[in-house]
Amino acid sequence: MNALYSLVLVFALVLLALFGVETAHMAKLFGTVLPVVAVAVFLVGFAYRMIKWAKSPVPFCIPTTGGQQKSLDFIHHNKFDNPVTTGQTFIRMVLEICCFRSLFRNTTVGLKDGRVTYASAKWLWLFSLLFHYSFLLIVIRHMRLFFEPIPAVIGFVEMLDGIMQIGTPRMYMSDVLIMVGVTFLLARRLWDAKLRYISLVTDYFPLLLIISIALSGIYMRFIAHVDVVAIKQLTMGIVTFHPVIPANVDVSFYVHIFLVCTLLIYFPFSKLMHAGGVFLSPTRNLPNNSRIKHHENPWNDPNIKPHSYEAYEDDFREPMIEAGLPVEKDA
Amino acid sequence: MADLPKADELFKSINYTPPSTGWMDTPVDFSPGNWCYPAKVDKLEYLGLPNPRVWNPEDVDWKLPENWQDIVHEGFKERLDKYRSLKVFMDVCVRCGACADKCHFFIGSGDPKNMPVLRAELMRSVYRKDFTMAGKILTTLTGSRVMTEDVLKEWFIYFYQCTECRRCSLFCPYGIDTAEITMMARELLTLCGVNINWIMEPAANCNRTGNHLGIQPHAFKDIVEFMVDDIEEVTGKRINVPINEKGHEVLFITPSGDVFADPGIYTFMGYLMLFDHIGLDYTLSTYASEGGNFGLFTSADMMKKINGKMYAEAKRLGSKWILGGECGHMWRVINQYMDTMNGPADFLQVPKSPITGTVFESAAQTKMVHITEFTADLMKHDKLNLDPTRNDHIRATFHDSCNPARAMGLLDEPRYVLNNVLKNFHEMPEQTIREQTFCCAGGSGLNTDEIMEIRMRGGLPRGNALKSVQEEHDVNMMACICAIDRATLIPLSNYWAPGVDVCGVHELVGNALILDGEKERETDLRLEPLPGKEG
Ligand code: SF4
Ligand code: SF4
């Protein structure tokens, strides 16, 4: 049901763009105004959310440790799953953010012959990686539209991405891989009863949105054969604040860009913010050194004191003396 | 408990297919056995906690304070401002489900609300409604809901079906720690007077008598005397145990379960024998006679209050550093909270083993050393006179307690100790040990009999793992370093792997130690005859 809602929502967005540009002739709105607004909302929203998180203190040092602590010399210390220094913690975070280290551990549970079974389940890890990295590649490739001259690194990424030399226009690997990745993520959500059970509209919506962005992009490139020179004119116009709407831009471009704008605007208000949140997770970004170094809690209340020894002794002085236990004050 | 199903029946009843109704529309079962008994009035009154009253989770009316919704809302807001963890964890979950089948309670029950992600969603749904714009407007689309009495009741059930073991956190790509969320939810429940007796009574006892079992000082001394007697019976040697004495180098604190309950007492005897053997200059304390901290399951403030005793006592007695016994929750608090809340303990010194000279740099700030770190170091330096053959009748495995494993990383020290006192040691399957260890299902104050079926369900993964080493390697003993484990693992292994017993690591050390001037041993510390040495 939630998946269906999301699908309808995405369709509505596509129709909105088609109608807006074809019938209502609002190419200017869709092509220039909205992208500027979307980028602004994205940047401000992202920063706002990060600041909002960062404003709450981290009162306690609570890393989840994933291996042997640093202790005696002869006991091997697992530096990157149980870091004690900033450097080691940094590497833990790099592994987490660039390699999805925790997800790599994933197992799946089953019941068989009266036993609980555990099987390695790296699929989610693999397809998430595929998805995120191809997304990154695609974003980098698209940067060619916003630079003149085009930086060499973008050209290089593009060249690598199309290195398979399949078809004309050349097929990009990232286009294929992102579709594979995102389809897996969606299929998994629909297929696995447990996941379907926990999935909200806000889980399907971004997936479907990204699928439609990718599809519209592929359509532009392979079917509509859009005029890239014209599009570059348009994008450069935005970047240089001299907006132009070239005549011969196919409507599929407007659909594509409208969906991208939706994603940008949606991003800061949604779970997509995990992209920022992953940096701030106190169970991962802290070293496990609270036994070694002082960690300050800004709201630690000095008035909370233990039940005092004096009160304790007052309570039990007589039996203590009788039992021969030392006391501070004789009865 | 009479109606606890047989192990294989219980196993067959597990079904991972979620119900056809959405989770917000699936009612919660409030029949007895599904919840822990509410806290007694006098315990809450003693601790000064809100809304003490007699109530029953089975009743419709929970006698909540009139403005309970405001209390929860304000409390929630306050905690969002105080804890980045809560704020980030409320926002960034992508519901990828990587954590879903990592929780022992889910594995053993199949109840989808025991999937960590959904457990957290119980709280997140309210967060969205109360604190996010989208959630306020687009209720169903964003999965938000109003905080009603039913929601609060659901919280009570499911946040007291989480042992705060953090296994889910290990697998989450963002490190979302459902234990942290559970802690916050329990704080909010406590603000309304919705809490359980098995946490509040120990907390009240810890505060007053120094330990959760409510053992008073003179009784504590008596118990120690009994153990000294037993040690004499086994070894022929009478040892001296200082209590509440000033001017000793080390203050030793262990969970009171070790002093009181079988089989913890054997572990305690092991400690005492070890200290005698190396001539450690130490004292016990009756005022700080509990390492386990039931404040951890109540609120940060309560945790701080109870834990403060350790430093206060070390200061009063003039100790140089503190040695801590085998205890899970105690070490979570010591490792992650103690210095921040109760420190810095400048009046203490960086711990240095008086026997080997090793300086424990890893405890430079808290000045507290774990006994297995201490003993492993002694063994490495060959300072102990050991006869491991005395443990030949024991074929052991090791249960990593969640807290030391996932909030500290104390994994190899106990293994090192075990391997020095024992020939037959076998690991349970990889997915169930070390940082991936499974909870005993009785942690965080859930070690109570009225929820025995829930505990046995939660104990399934550990029980299964145990059964497999029992079958493959004839394992007959599961060692652990947590007093709650020593209490909860016994019914668990009786249920899932009958025939396996439970012990602390230092019980086996005690068995193996050759004390100066001791007699030929005929029994182990449990007074059971040593094979081949029968009188
Ligand atoms: S693993 Fe983390 S992100 Fe995924 S569902 Fe669980 S809590 Fe959410
Ligand atoms: S902390 Fe442990 S008990 Fe709680 S949800 Fe996570 S795995 Fe389950």
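The values are calculated or read from the model by the stated rules, or taken from the named source; none is laboratory data. Note that the structure is a prediction, hence the values are computed from the model and not measured. All Cβ positions, glycine included, derive from the backbone under ideal geometry; neighbour counts span all protein chains shown. The area values use the complete protein model at the heavy-atom level, side chains included, leaving out ligands, DNA and RNA. Shrake-Rupley method; radii C 1.70, N 1.55, O 1.52, S 1.80 Å.
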What's log10 of I(q)/I(0) for the range B:268-323 at q = 0.13, 0.16, 0.23 Å⁻¹, Debye sum over Cα points only, no solvent?
-0.41, -0.59, -0.94
In chain A, which whole DSSP H runs stretch at least 15 Å along their own axis (Cα) and average -0.5 or higher on the Kyte-Doolittle scale?
A:2-18, A:34-55, A:86-99, A:123-142, A:173-191, A:201-218, A:228-239, A:251-266
To the nearest whole number, what is the average tally of beta carbon atoms from other chains within 10 Å of the beta carbons of peptide B:383-395?
0
Averaged over the residues of B:175-188, the number of partner chain Cβ atoms within 10 Å of each residue's own Cβ comes to 3
Cα-Cα pairs in the range A:92-218 separated by more than 19 Å, as a whole percent of all pairs, come to 61 percent
Give me the mean projected area, in nm² to one decimal, of the convex hull enclosing the Cα positions of the protein assembly as shown.
39.1 nm²
If I take the Cα coordinates of chain A and project them onto the principal axes, what are the three extents in Å, biggest first?
100, 53, 44
Separation in nanometres of the label points that stand 7 Å from Cα toward Cβ, at residue A:91 and residue B:423
4.0 nm
With everything on Cα atoms, drop me the angle between helix B:300-317 and the longest principal axis of chain B, reported from 0 to 90° to the nearest 10.
20 degrees
Isotropically averaged projected area of the range A:157-294, using the convex hull of Cα atoms (one quarter of hull area), nm²
13.9 nm²
Taking a ≥ b ≥ c as the square roots of the Cα gyration tensor eigenvalues, with a/c under 1.5 meaning rounded and otherwise prolate when a/b beats b/c or oblate if not, the range B:269-392 comes out prolate
Cα-Cα longer than 18 Å, checked against B:82/B:309; A:55/B:77; B:309/B:367; A:112/B:12; A:122/B:12; B:237/B:383, kept in input order, equals B:82/B:309; A:122/B:12; B:237/B:383
What is the Cα radius of gyration of the range A:175-244 over 2.2 N^0.38 Å, N being its residue count?
1.54
How do B:43, B:153, B:246, B:423 rank by accessible surface area computed with a 1.4 Å probe, from largest to smallest?
B:423, B:246, B:43, B:153
Under a plain spin-label model, where a point goes 7 Å from the Cα along Cα-to-Cβ, how far apart in nm are residue B:239 and residue A:50?
5.7 nm
Taking N as the number of residues in the range B:91-133, what is its alpha-carbon radius of gyration divided by 2.2 N^0.38 Å?
1.25
List the lysines whose Cα sits under 17 Å from the Cα of residue B:221, skipping any in the same chain fewer than 8 residues away.
B:246
If the viscosity is 1.002 mPa s and the temperature 20 °C, what Stokes-Einstein diffusion coefficient in µm²/s follows for the range A:259-331 when Rh is the Kirkwood radius over Cα pairs?
116 µm²/s
Order B:391-397, A:283-289 from most to least packed using the mean count of other Cβ atoms within 10 Å.
A:283-289, B:391-397
What is the angle, in °, between the Cα long axis of helix B:197-209 and the longest principal axis of the Cα atoms in chain B? Nearest 10 is fine, range 0 to 90.
50 degrees
B:278, A:97, ranked by accessible area, largest first (probe 1.4 Å)
A:97, B:278
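What is the average number of partner chain Cβ atoms found within 10 Å of a Cβ in B:410-416? All intermediate terms of the calculation are to be shown ahead of the outcome.
Values: counts 5, 8, 10, 5, 0, 2, 3.
Per residue, the number of nearby Cβ atoms from other chains is 5 on average.
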Among A:210, A:292, A:231, whose Cα lies farthest out toward the positive end of the dipole of the range A:186-323, if unit charges sit on the beta carbon of Lys, Arg (+1) and Asp, Glu (-1)?
A:231
Compute the length gained on full extension between residue B:17 and residue B:364: take 0.36 nm times their separation in residues and subtract their Cα-Cα distance, giving the result in nm to one decimal.
119.9 nm
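Kirkwood Rh over Cα pairs of the range A:209-280 into Stokes-Einstein at 4 °C, 1.567 mPa s: D in µm²/s?
Diffusion coefficient, whole number: 94 µm²/s.
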Among DSSP bridges having both ends in chain B, what percentage is antiparallel? Round to the nearest 5.
15 percent
Can you pull the one-decimal nm distance between simple spin-label points at residue B:494 and residue A:76, each 7 Å off the Cα toward Cβ?
4.0 nm
Among B:163, B:26, B:503, the residue whose Cα sits farthest towards the positive end of the charge dipole of chain B (+1 at Cβ of Lys and Arg, -1 at Cβ of Asp and Glu, taken about the Cα centre) is B:26
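Viscosity 1.306 mPa s, temperature 10 °C: give me the Stokes-Einstein translational D for the range B:162-321 in µm²/s, with Rh taken as the Kirkwood radius over C-alpha pairs.
On the way: Rh = 17.3 Å.
The estimated diffusion coefficient comes to 92 µm²/s.
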Apply the Debye scattering formula to the range A:1-43, with a single equal point scatterer on each alpha-carbon and no solvent, then give log10 I(q)/I(0) at q = 0.20, 0.30, 0.31, 0.34 Å⁻¹.
-0.73, -0.91, -0.93, -0.98
Enumerate the aspartates and glutamates that residue A:232 could reach by cross-link, defined here as Cα to Cα under 12 Å, with residues fewer than 8 away along the same chain left out.
A:148
Taking 0.36 nm per intervening residue step and subtracting the Cα-Cα distance, what contour gain separates residue A:23 from residue A:248 on full extension?
79.4 nm
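How big is the Cα convex hull of the range B:43-143 in projection, averaged over all directions, in nm²?
Details: hull surface 36.3 nm².
Hull-based average projected area comes out at 9.1 nm².
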Any idea what the dipole of the range B:141-289 comes to, in debye rounded to 20, about its Cα centre with Lys/Arg Cβ at +1 and Asp/Glu Cβ at -1?
440 debye
Distance between the range A:266-331 and the range A:1-76 - C-alpha centres, whole angstrom
36 Å
At each listed q (0.11, 0.13, 0.15 Å⁻¹), what is the log10 of I(q)/I(0) that the Debye formula gives for the range A:24-169 modelled as equal alpha-carbon point scatterers?
-0.83, -1.03, -1.16
How much length, in nm to one decimal, is gained on full extension between residue A:170 and residue A:16, taken as 0.36 nm per residue of separation minus their Cα-Cα distance?
52.4 nm
Convex hull volume of the Cα atoms in the range B:328-456, per residue, in Å³?
140 Å³
Which whole-number percentage describes the relative contact order of the range A:1-91, with Cα contacts under 8 Å and a sequence gap of 6 or more?
12 percent
Of the cross-linked pairs A:194/B:113; B:87/B:153; A:293/B:87, which ones have a Cα-Cα span greater than 20 Å in the structure shown?
B:87/B:153; A:293/B:87
So what's the gap between the Cα centers of the range B:446-515 and the range A:88-137, to the nearest angstrom?
31 Å
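Would you compute, from DSSP H runs of 4+ residues alone, the mean residue ellipticity of chain A at 222 nm, taking -39500 (n - 2.57) per run and dividing by the full residue count, rounded to the nearest 500?
Details: 13 runs with 176 residues, N = 331.
So the calculated ellipticity at 222 nm is -17000 deg cm²/dmol.
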Go through B:252-259, B:190-197, B:145-152 and give me the packing order, highest mean Cβ count within 10 Å leading.
B:252-259, B:190-197, B:145-152
Can you give the relative contact order of chain B as a percent, counting alpha carbon pairs under 8 Å and 6+ residues apart?
17 percent
If R₀ is 45 angstrom, what is the calculated FRET efficiency for the pair residue B:393 and residue A:293, using the beta carbon separation as r and rounding to 0.05?
0.50
Share antiparallel - DSSP beta bridges, the protein assembly as shown, percent rounded to 5:
35 percent
With +1 on each Lys and Arg Cβ and -1 on each Asp and Glu Cβ, how big is the dipole of the range B:85-215 about its Cα centre, in debye rounded to the nearest 20?
220 debye
Highest mean packing first, using Cβ neighbours within 10 angstrom, the peptides B:496-502, A:229-235, A:143-149 sort as B:496-502, A:229-235, A:143-149
Quick check: net charge around residue A:75, other residues with Cβ under 10 Å of its Cβ, Lys/Arg +1 and Asp/Glu -1?
-2
Over the range B:1-83: Kirkwood hydrodynamic radius from C-alpha pairwise inverse distances, Å:
17.0 Å
Which aspartates and glutamates, on any chain, are close to residue A:329 with Cα under 19 Å apart, when same-chain ones fewer than 8 places away are left out?
A:310, A:313, A:314, A:315, A:318, B:245, B:313
Is there a quick way to get the dipole size of the protein assembly as shown? I mean about its Cα centre, with the Cβ of Lys and Arg at +1 and of Asp and Glu at -1; what is the value in debye to the nearest 20?
3800 debye
